[in-house]
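Written below as structure tokens is the structure these notes are about.
The values are calculated or read from the model by the stated rules, or taken from the named source; none is laboratory data. Model, not experiment: these values are computed from the prediction. Don't worry about glycine lacking a Cβ; one is built from the backbone with ideal geometry, like all the others, and counts go over all protein chains shown. Ligands, DNA and RNA are excluded from the accessible area calculation, which covers all protein heavy atoms including side chains. Shrake-Rupley method; radii C 1.70, N 1.55, O 1.52, S 1.80 Å.
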Amino acid sequence: MILSLAFYMDLQKAFDSINHEILLHKLSNYPIRGTVLQWFKNYLDNRPQFVVVNGVPSNTLPIRYGVPQGSILGPLLFLVYINDINNAVPGEKLKLFADDTNLFVQGPVMLLIMLTCCCLNYIVGLLPIN
């Protein structure tokens, strides 16, 4: 008997977890270099952040991770960052849409269990270092 499984994963805080150095390296592989790469670096670096609670502002701190949300470039930069996750799963079993990731697995029961465990373990291991 052949079964099919689908896993729908929403990567929480995905846009906030992007490592700028890794993203810039991935951009340089596309190949985005020189002035354009420097423009992206300037866009990401030295962005301050603070909060206001009861009218009192916190200290300003630099943002080291993430892409600006609500921007046109945010989703595009996230997709560049996560685009190689397809290399983690053989075949075309992984579908991406922004921060939603879908894994589709099909096969006999025992193979399905083993394949699913392998794929999910690899994805979970890959995300923090991506």
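Side notes on the structure shown:
One line per residue, one yes/no per condition, for (1) closer than 23 Å to C118 by Cβ; (2) surrounded by 13 or more Cβ atoms within 10 Å (Cβ to Cβ):
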position	(1), (2)
M1	yes, no
L5	yes, yes
D16	no, no
L23	no, yes
N42	no, no
N59	no, no
V67	no, yes
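- Restricting attention to the range 44-102, the residues that are modelled with pLDDT of 85 or more and assigned to a strand (DSSP E or B) add up to 9.
- Within the range 15-22, one or more residues are modelled with pLDDT under 85, closer than 20 Å to I123 by Cα and not acidic (D, E).
- Residue under evaluation N83, criteria (1) farther than 30 Å from F104 by Cβ; (2) open to solvent by 40 Å² or more (accessible area, probe 1.4 Å), criterion not met: (1)
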